[in-house]
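The structure appears below as structure tokens.
The values are calculated or read from the model by the stated rules, or taken from the named source; none is laboratory data. Note that this is a predicted model, so its numbers are computed, not measured. Neighbour counts run over all protein chains shown; Cβ positions are idealised from the backbone, glycine included.
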Amino acid sequence: MDFKLPSSKAFAFFSIGSLLALVTQIVYFSPISSPEILQLPPPSTIPSNSLLQGVKKLGEGFLKKPEDVTVDENTGILYTSTRDGWVKRLHRNGSLEDWKWVGSETMLGLSMSADGGVIVCDSQQGLLKVNDESITNIASHVNGTKISFADDVIEASDGSLYFSVGSTKFQLHNWYLDVLEAKPHGQLLKYDPLLNETTILLNDLGFANGVALSQDEQYLVICESWKFRCLKYWLKGQNTGRTEIFINLPRAPDNINLAPDGSFWIALLEVSPSSLNFIHKWRVAKHLIASFPNLIEVVNGVHSKAMVMKVAPDGRILRTLDDPEGKVMSFVTSAVEYEGNLYLGSLKCDFIGKLQLEAVHS
Ligand SMILES: [Ca+2]
Ligand SMILES: [Ca+2]
């Protein structure tokens, strides 16, 4: 028999053909469709500090990834939901209580209700009302469609609940695919307790996340994580129903909370390590990353650091606190100020961080 080695030309054709077949397969089976280029913010000019490294750890070992924190201002009791299915509370004397068993691993933002109960966003069920006696699912559908990925909620003084849907396409466990696809699947919803009805206020948000009410309840602030900004949504006055940009940010905003002085605390996430930002500019790279969960972990930067920012109602940055290497806290998703202390939730840590604000200067 006469064996011939393939010519270098034939080998090149074979290699290119194989590569094209592989790329076609990756794109065809990719969990994201026609991804957009992600418009990343310019590099931050805000000087770094390490002030978040000074937190005291509350409930360490017993609070599994407490994403959000809310406080009952009448009693000083802190509430959080944890990945082991509990709504837990921390009393003023420092004692930790497994308060109510919900049995869901997907609870996220929460808000105190005027009657002493707590409203909890559950990424799979919608809105839950939790109190001493019961757990009730108060909003599970909107316009006949199941609400998925409820993310954060705030109760207004008239009892209305305003809440976000991170993505109508992706879920908590694969949220990073929403970042890679970079198409706006987020929503702002309203639950009206008198009508027992949920309506859509805003569609097409770039991963709707934290929701806060201004002190005078004239407007909401809603965070769009991968648009790296927060919007004002006017509830009253001549601009009712309109939106405007509240602030453009150097990182992705997660939860937002009203501070006692009328400003806002915003938790910021690092979407990607800066050396891998190029991924978000290449559609084929996005498909490749999206197809392999291990690669997603490499490009996902949220575990690498933590930052929170205080912003005035006019959008001025008042102060920032960070842990630039994620030494003590990373993936900080929430900051709540109460009686001179800042309480920090995280999707990485097993405690709530407590920082005495007077003791740190920035
Ligand atoms: Ca909240
Ligand atoms: Ca959130």
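Could you count how many residues in the stretch 223-234 are touching an Asp or Glu at 6+ places or on another chain (Cβ under 9 Å) and in a strand (DSSP E or B)?
Matching residues across the stretch 223-234 total 6.
Could you check the stretch 197-212 and list, in sequence order, the residues that are more than 18 Å from K169 (Cβ to Cβ), more than 16 Å from ligand 2 (Cβ to nearest atom) and touching a residue at least 12 places away in the same chain (Cβ under 8 Å)?
Hits for the stretch 197-212 are T198, T199, L201.
Quick check: anything in the stretch 255-270 within 18 Å of L202 (Cβ to Cβ) and crowded, with 21+ Cβ neighbours inside 10 Å? Before you say what the answer is, go through the steps one by one.
Going residue by residue through the stretch 255-270, those that are within 18 Å of L202 (Cβ to Cβ) are 255-256.
Filter once more, so that each one left must be crowded, with 21+ Cβ neighbours inside 10 Å: 255-256.
Yes, there is a match, as at least one residue in the stretch 255-270 is within 18 Å of L202 (Cβ to Cβ) and crowded, with 21+ Cβ neighbours inside 10 Å.
Applying the selection to the stretch 231-262, what residues are under 12 Å from the mean Cα position of the chain (by Cα) and within 16 Å of ligand 1 (Cβ to nearest atom)?
Across the stretch 231-262, the qualifying residues are P253, D254, N255, I256.
The conditions are (1) more than 25 Å from W86 (Cα to Cα); (2) at pLDDT below 95; (3) buried (at least 21 other Cβ atoms within 10 Å of the Cβ), and V302 fails exactly one of them. Which is it?
(1)
Considering only residues that are without any contact (Cβ under 8 Å) to a residue 24 or more places away in the chain, more than 15 Å from ligand 2 (Cβ to nearest atom) and not hydroxyl-bearing (S, T, Y), which ones fall in the stretch 164-183?
K169
So, in the stretch 222-265, of the ones that are of a type in the set (F, W, Y) and over 20 Å from I46 (Cα atoms), which residue ends up nearest to ligand 2 (Cβ to nearest atom)? Steps first, please.
Start the filter on the stretch 222-265 by keeping residues that are of a type in the set (F, W, Y), which leaves 226, 228, 233-234, 246, 264-265.
Narrowing the set further to residues that are over 20 Å from I46 (Cα atoms) leaves 233-234.
Details: Y233: 17, W234: 23 Å.
This residue is Y233.
Okay, residues lined up against (1) charged (D, E, K, R); (2) in contact (Cβ under 8 Å) with a residue 12 or more places away in the chain; (3) within 16 Å of ligand 1 (Cβ to nearest atom):
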position	(1), (2), (3)
S50	no, yes, no
K56	yes, yes, no
T70	no, yes, yes
E73	yes, yes, yes
T80	no, yes, yes
W86	no, yes, no
D98	yes, yes, no
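Only residues that are touching a Phe, Trp or Tyr at 6+ places or on another chain (Cβ under 6 Å) and more than 15 Å from G117 (Cβ to Cβ): list them for the stretch 153-168, please.
Listed by number, the residues that qualify are V165, G166, S167.
Cβ-Cβ distance below 6 Å, separation of 6 or more or different chains: which pairs start in the stretch 277-301 with a residue that is touching a residue at least 40 places away in the same chain (Cβ under 8 Å) and end on one that is outside any helix (DSSP H, G or I) and among the β-branched types (V, I, T)?
Sorted first by the residue in the stretch 277-301, then by its partner, the pairs are K281/I37; A290/I32.
Inside the stretch 275-287, can you point out the residues that are surrounded by 15 or more Cβ atoms within 10 Å (Cβ to Cβ) and either farther than 18 Å from K183 by Cβ or not hydrophobic (A, V, I, L, M, F, W, C) (or both)?
L276, N277, H280, R283, K286, H287
Please verify whether S48 is among the polar types (S, T, N, Q), assigned to a loop (DSSP other than H, G, I, E, B), more than 16 Å from ligand 2 (Cβ to nearest atom) and in contact with a strand residue (DSSP E or B) (Cβ under 8 Å, 6 or more places away or on another chain), treating the condition exactly as stated.
So S48 passes the test.
Taking the stated definitions as given, is G109 modelled with pLDDT of 95 or more and closer than 26 Å to D158 by Cα?
yes
Among the residues of the stretch 134-168, count how many are away from ligand 1 (no atom under 16 Å from the Cβ) and either under 17 Å from the mean Cα position of the chain (by Cα) or at pLDDT below 95 (or both).
Residues in the stretch 134-168 being away from ligand 1 (no atom under 16 Å from the Cβ) and either under 17 Å from the mean Cα position of the chain (by Cα) or at pLDDT below 95 (or both): 4 in total.
Based on what the data block shows, is T24 assigned to a helix (DSSP H, G or I), surrounded by fewer than 13 Cβ atoms within 10 Å (Cβ to Cβ) and more than 16 Å from ligand 1 (Cβ to nearest atom)? Give the derivation first.
Values: assigned to a helix (DSSP H, G or I): yes; surrounded by fewer than 13 Cβ atoms within 10 Å (Cβ to Cβ): yes; more than 16 Å from ligand 1 (Cβ to nearest atom): yes.
Against the criterion (assigned to a helix (DSSP H, G or I), surrounded by fewer than 13 Cβ atoms within 10 Å (Cβ to Cβ) and more than 16 Å from ligand 1 (Cβ to nearest atom)), T24 qualifies.
Only one of K286, K310, K327 is away from ligand 2 (no atom under 16 Å from the Cβ) and either under 16 Å from the mean Cα position of the chain (by Cα) or within 23 Å of T82 (Cβ to Cβ) (or both). Can you tell me which?
Result of the check over K286, K310, K327: K327.
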